[in-house]
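The values are calculated or read from the model by the stated rules, or taken from the named source; none is laboratory data. The structure displayed is predicted, hence computed values, not measured ones. Note that we place each Cβ from the backbone using ideal geometry, even for glycine, and neighbour counts take in every protein chain shown.
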Amino acid sequence: MRSSLASLDRRRFDIVVVGGGINGAAAAQAAAAQGYAVALFEKGDFGSGSTARSSRL
């Protein structure tokens, strides 16, 4: 879900992940699963830059 930057004003996060590719999304999900407040920022569509070369899948 995309939020406007104004909606983030005065919010606090434990972890900020820049880049919503396969690795950034996995890092954000793992941190959130451990109870951290996570913000994930991506300029394009999430996962749009994923390739087999970067993730070795």
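Assorted remarks:
- None of ASP14, ASP9 is modelled with pLDDT of 95 or more and of a type in the set (Asp, Glu) except ASP14.
- Residue in segment 1-12 that is aliphatic (A, V, I, L, M), surrounded by 15 or more Cβ atoms within 10 Å (Cβ to Cβ) and assigned to a helix (DSSP H, G or I) present: no
- All told, ARG53 meets the bar of being basic (Lys, Arg), in a helix (DSSP H, G or I) and either over 11 Å from the mean Cα position of the chain (by Cα) or at pLDDT 90 or above (or both).
- Hits in segment 4-22 (condition: of a type outside the set (Val, Ile, Thr) and out of contact with any strand residue (DSSP E or B) (no Cβ under 9 Å at 6 or more places or on another chain)): SER4, LEU5, ALA6, SER7, ASP9, ARG10, ARG12, GLY21
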